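Structure first, commentary second.
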Amino acid sequence: MRFDGVIDELAATKGVMACAVVDYESGMFIDGVSPSGMDLDILSAGNTEIVRSEIKAIERLYGQDNNEDAIDDILISLHKQYYLLRPMKNVKSVFMFMVLDRKTANLALARRTLKVADRHYQD
């Protein structure tokens with residue numbers, strides 16, 4: 001799988017500090033960039049645990065076959081950063097994430113960028 005176009009779209013987002021595509025079943029970092037120098041392996045491992053936990057919780061609440069209540073995205077707000085995680089709709093067991101600088105990023109535009117990048121991905 002090639003995620004070059006997806007990463008390019010995410011990295012062009014104003015305020016992005018790091019972005020990546022990760023397989024949440026294996027926890028494997030697939031592709032990404034970190035203009036701020038953040039460690040993508042550590043970010044990928046930590047965010048994988050969050051995505052796995054949320055997916056399990058939603059499946060327990062609504063059942064595994066319920067697509068109406070599938071996760072669109074997960075937001076974590078820190079004092080200086082936003083972490084935005086989105087399971088991909090077009091690729092099974094893969095999610096994208098962005099770390100955004102709270103001072104310069106537009107959260108609504110970043111969420112939209114993740115959604116559009118997911119739609120643009122083609123295997």
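The values are calculated or read from the model by the stated rules, or taken from the named source; none is laboratory data. These numbers were taken from a predicted model, which means no experiment stands behind them. Neighbour counts run over all protein chains shown; Cβ positions are idealised from the backbone, glycine included. Ligands, DNA and RNA are excluded from the accessible area calculation, which covers all protein heavy atoms including side chains. Shrake-Rupley method; radii C 1.70, N 1.55, O 1.52, S 1.80 Å.
Looking only at segment 1-18, filter to residues that are surrounded by fewer than 19 Cβ atoms within 10 Å (Cβ to Cβ) and of a type in the set (A, V, I, L, M); which one of those is farthest from the chain's Cα centre (by Cα)?
It comes out as MET1.
Look through segment 19-71, keep the residues that are out of contact with any Pro (no Cβ under 9 Å at 6 or more places or on another chain) and of a type in the set (Ser, Thr, Tyr), and return whichever of them is most open to solvent (accessible area, probe 1.4 Å).
Filtering segment 19-71 for residues that are out of contact with any Pro (no Cβ under 9 Å at 6 or more places or on another chain) and of a type in the set (Ser, Thr, Tyr), the one most open to solvent (accessible area, probe 1.4 Å) comes out as TYR62.
Which ones in segment 77-87 are without any contact (Cβ under 8 Å) to a residue 60 or more places away in the chain and open to solvent by less than 50 Å² (accessible area, probe 1.4 Å)?
Result: TYR82, TYR83, LEU84, LEU85, ARG86.
Of everything in segment 89-107, what is closer than 23 Å to MET38 by Cα and either over 10 Å from the mean Cα position of the chain (by Cα) or free of Cβ contacts under 8 Å to residues at least 40 places away in the same chain (or both)? Give them in sequence order.
Residues satisfying the conditions are LEU100, ASP101, ARG102, LYS103, THR104, ALA105, ASN106, LEU107.
Of everything in segment 97-108, what is part of a helix (DSSP H, G or I) and surrounded by 12 or more Cβ atoms within 10 Å (Cβ to Cβ)? Give them in sequence order. Lay out the reasoning, then the answer.
Residues of segment 97-108 part of a helix (DSSP H, G or I): 107-108.
Hit for segment 97-108 is LEU107, nothing else.
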